[in-house]
Amino acid sequence: MNKRIISLVLFLIIIFSGGCSSIPTPGATMKPPSVSETAGIQDHDYKKEVMDYLPAGAKLEDVNNASIFPVDVDGDLNPEYLATYRLDESRVGAFLLKKSASTYKVIWTDVGKGYSFDTVKIADVTGDGLAEILIGWTIGSSAGNALDVLSWRNNTLQNIYRTAYHRMDVEDIDGYYGKDGIAEVALWIKDTEDAYNVQVLRWNERDKDFESAPDVYQAYYPRVVQYYKDKVRTMPDVRVYWYYLGIAQYRAGQFNDAVDAVSSGLKVKSDYPNDMNFFLLKADILRDMGRLDEAAYLYDGLIPVDEKSPGPVSPKRMIAWAYFGKGEISRVRGNFDEALEYYKKAQEQSMEIEIRRAINRLPVYKTVQIVENYFKNQSTGRFNGEKFVEWARDNSTSLVYKDINLNINGISRIVFVDYMSEGLMKAHEIFWWDRGRLRYQLVFSNEFPTEAAFTSAIYDCRVAQGTDNSLEAGMIIETSHLGNSAPKPYYIVMRLTDDRWKLVWRPPVYKWRNSHGIITFNGPGLNSIILQGDSWRLNDGKGRIFNEESSGPHRHFTDTWERNGDSYKLVDARTIPSAYNTLVEFIYRLSTGREDATKTLVVDQDIIEKAKELNLIQPGLNERWSLELDGQEAETKGPLKILDGPAAGVTFIFEQSGENWLIKDIVK
């Protein structure tokens with residue numbers, strides 16, 4: 001009796017896990033986070049510096065065979081040092097050291113989350129190109145571990161996510177769109193016995209949260225399948241193992257095996273998980289197998305006649321996911337209005353992110369169906385871009401396209417289409433003709449490796465043959481298609497592999513100086529690109545010294561990136577000489593204790609002492625002083641006058657020396 005009560009309580013607090021699946025978690029589920037690859041690090045070179053900052057009585061504590069982890073959290077190419085230590089039998093702690101001038105400073109510390117460490121991992125999980133720090137604190141064998149995800153934001157280390165877990169994997173998974181350089185996180189959260197609800201997650205910068213990553217399910221879940229196969233082989237009478245085996249096989253794309261697991265689980269006499277869980281799982285599997293009528297029958301059986309009083313056997317989330325499944329069936333059948341009604345009914349029962357996402361995507365699906373039907377009636381030689389735009393306008397379809405003619409590996413034409421809905425580019429589709437046969441691939445923006453996908457459309461593209469004779473596309477995408485006056489272009493490389501376009505490379509955000517930018521191809525093929533941009537909203541530690549608006553003032557850059565295998569390397573990062581750039585560098589070096597380095601920026605070294613007397617040091621480098629620019633050329637030549645702060649009224653006079661601009665005088 002008690003077991004049944006416990007099962008019912010657990011059932012009522014089910015949290016459904018993500019993707020297009022409506023599978024519920026039969027047990028209390030914790031909110032998930034992120035992780036990455038462990039850094040195997042030798043600590044002897046840094047131990048001396050770290051020991052000076054250990055709390056009294058503390059000793060270094062090894063985690064993953066190391067106690068000191070060099071990590072460049074801010075992208076300045078100088079390592080910070082994470083140290084893990086033990087205070088006593090029940091308390092451990094950690095801190096991060098950052099070098100400031102000639103000394104070190106503790107910029108983050110924490111203690112007492114658990115009695116030990118489960119793991120420390122270093123990886124880019126947010127997609128900005130910088131390493132995050134992930135610390136797993138051990139709470140207990142039953143409670144599991146607490147995970148903190150630490151990321152460099154606004155010139156400081158911030159805890160951006162916190163959750164509980166029992167086991168986890170972290171890796172850049174080679175999923176449907178290929179590896180994107182961002183580590184996914186697979187959390188194993190204990191349900192009961194040795195049964196775990198496994199969630200594979202990816203960071204969503206727009207929502208500042210982790211969400212399901214269904215595009216990598218088929219690459220990750222086979223290992224979960226093997227885990228549960230071992231369980232049901234040795235303990236076939238434990239019903240929950242069959243349930244999670246079915247989920248794992250479903251997400252691994254092993255649909256027939258998943259149906260068999262559901263059937264086996266239903267034969268086991270147990271109250272947990274109850275039959276409703278198995279029926280919902282089976283309905284999802286049948287739906288994705290294309291057996292829509294059978295799936296609809298099962299969904300209908302989960303929806304009570306009286307929705308206002310569903311009773312204990314049909315909790316709200318169960319009803320929500322049954323409606324969601326019905327909505328998916330209607331969408332696949334092209335009944336979009338009916339699909340919307342089902343989605344709305346699902347949302348009345350639960351505000352799951354997958355339901356909101358389905359409602360958000362539905363208008364795009366309608367447009368995609370119309371456009372795909374248009375292309376099905378086109379041959380490679382008949383497609384005409386102007387007529388396509390005219391047709392789209394006549395059909396009230398908002399899109400942008402790029403058309404490329406070529407003759408590589410039997411591919412004769414590629415058309416890139418960006419779909420706009422509700423003011424955002426919500427999806428992107430590639431159409432191509434392979435030996436006369438039309439193929440196409442749809443990508444939604446939230447599945448793309450850069451958040452710019454929501455506001456960008458393709459601007460230019462170059463297609464070339466890769467070193468392995470595959471077809472590669474270097475794509476320049478930018479925001480100006482949506483009327484943005486400050487475009488921030490991005491560049492990605494995709495490769496056609498087994499009739500699917502996969503991501504090869506995307507730029508590291510912290511090195512990508514693309515504000516008000518222009519990207520051009522440099523030389524033949526995809527060997528090199530040149531990016532011209534400026535410092536607006538650039539997070540390089542210097543962007544908050546002065547108040548930079550979109551209109552200026554700015555520092556200006558020309559960066560050259562060269563192909564290196566499946567990656568690009570920044571081979572030349574040039575800052576265009578200007579009075580404003582000199583002023584920023586002067587304040588930055590003076591404020592960070594690099595007084596000797598300021599000597600190259602002035603005509604007379606006495607100016608350095610004068611600057612100190614006039615309060616031109618910013619300890620935090622974030623005071624955003626406003627400048628008065630006298631004319632359009634003032635950014636380049638000066639003079640520049642500070643309007644606020646302790647140095648208000650100070651004017652800098654400049655003199656050109658070769659290509660550079662030096663500070664000639666400071667007056668007040």
Equivalent ellipsoid, the range 269-386 (semi-axes from 5 times Cα gyration tensor eigenvalues, Å) = 35, 16, 10
Could you order 206, 361 by accessible surface area, starting with the largest, using a probe radius of 1.4 Å?
-> 206, 361
Over the range 56-153, relative contact order from alpha-carbon pairs under 8 Å, at least 6 apart, % = 20
Can you give the alpha-carbon Rg of the chain over 2.2 N^0.38 Å, where N counts its residues?
-> 1.10
Residue separation times 0.36 nm, minus the C-alpha to C-alpha distance between residue 599 and residue 234: what's the value?
-> 124.0 nm
At 222 nm, what helix-only mean residue ellipticity would the chain give, in deg cm²/dmol to the nearest 500, using -39500 (n - 2.57) for each DSSP H run of four or more?
-> -8500 deg cm²/dmol
Signed unit charges on C-beta, dipole axis of the chain, positive-most listed residue 96, 558, 431 | 431
With a Cα-only, solvent-free Debye model of the range 398-478, what are the log10 I(q)/I(0) values at q = 0.11 Å⁻¹?
-> -0.30
Dipole magnitude (debye, nearest 20) for the range 522-620, charges at Cβ of Lys, Arg, Asp, Glu | 160
Give a residue-ordered list of calculated ³J(HN,Hα) values for the range 90-95 (Karplus: 6.51 cos²θ - 1.76 cosθ + 1.60, θ = phi - 60°; whole Hz; x for Gly, Pro).
-> 10, 9, 10, x, 8, 8
Overall Cα dimensions of the range 629-668 - principal axes, largest extent first, Å = 32, 20, 11
Cα-Cα pairs in the range 153-226 separated by more than 20 Å, as a whole percent of all pairs, come to 37
What are the residues whose amide H is under 5 Å from the amide H of residue 535, where those residues sit 5 or more places off or on another chain and H is modelled from the backbone?
-> 555
Tell me which lysines have Cα within less than 22 Å of residue 282's Cα, excluding those fewer than 8 residues away on the same chain?
-> 229, 231, 267, 269, 316, 326, 345
Projected-area average for the range 576-668 over all orientations - Cα convex hull basis, square nanometres | 5.5
How much area per residue is accessible in the chain when the probe is 1.4 Å and only protein heavy atoms are counted (Å²)?
-> 44
Hull surface over four for the Cα convex hull of the range 353-438, reported in nm², is 6.2
So how strong a dipole does the chain carry about its Cα centre when Lys and Arg Cβ are +1 and Asp and Glu Cβ are -1, to the nearest 20 debye?
-> 1300
Would you work out which of 507, 302, 575 lies farthest towards the positive end of the dipole of the chain? Charges go on Cβ: Lys and Arg +1, Asp and Glu -1.
-> 302
For the chain, longest principal axis from Cα atoms; helix 217-234 axis from its Cα atoms; angle between them, nearest 10 degrees, is 50
Can you give the charge dipole size of the range 405-542 about its Cα centre, rounded to the nearest 20 debye, using +1 on the beta carbon of Lys and Arg and -1 on the beta carbon of Asp and Glu?
-> 160
Sequence-distant residues sharing a close amide H with residue 173 (under 5 Å, placed H) = 184
Whole-number percent relative contact order across the range 550-627, with pairs defined as alpha carbons under 8 Å at least 6 apart = 21
What order do you get for 243-255, 645-657 when each peptide is scored by the mean count of other beta carbon atoms within 10 Å, highest first?
-> 243-255, 645-657
Say the dipole of the range 381-478 comes from +1 at the beta carbon of Lys and Arg and -1 at that of Asp and Glu; which of 405, 442, 476 then lies farthest toward its positive end?
-> 405
Peptides ranked, highest mean first, by Cβ atoms within 10 Å: ranges 574-580, 59-65, 500-506 | 500-506, 574-580, 59-65
For residue 591, solvent-accessible area (1.4 Å; no DNA, RNA or ligand), Å² = 20
Just the number, please: carbon plus sulfur as a percent of the accessible area of the chain, 1.4 Å probe, no ligands or DNA/RNA counted.
-> 46
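The values are calculated or read from the model by the stated rules, or taken from the named source; none is laboratory data. None of the values given here were measured: they were computed from a predicted structure. Note: ideal-geometry Cβ built from the backbone for every residue, glycine included; neighbour counts use all protein chains shown. All accessible areas refer to the heavy atoms of the entire protein, side chains included, with ligands and DNA or RNA removed. Shrake-Rupley method; radii C 1.70, N 1.55, O 1.52, S 1.80 Å.
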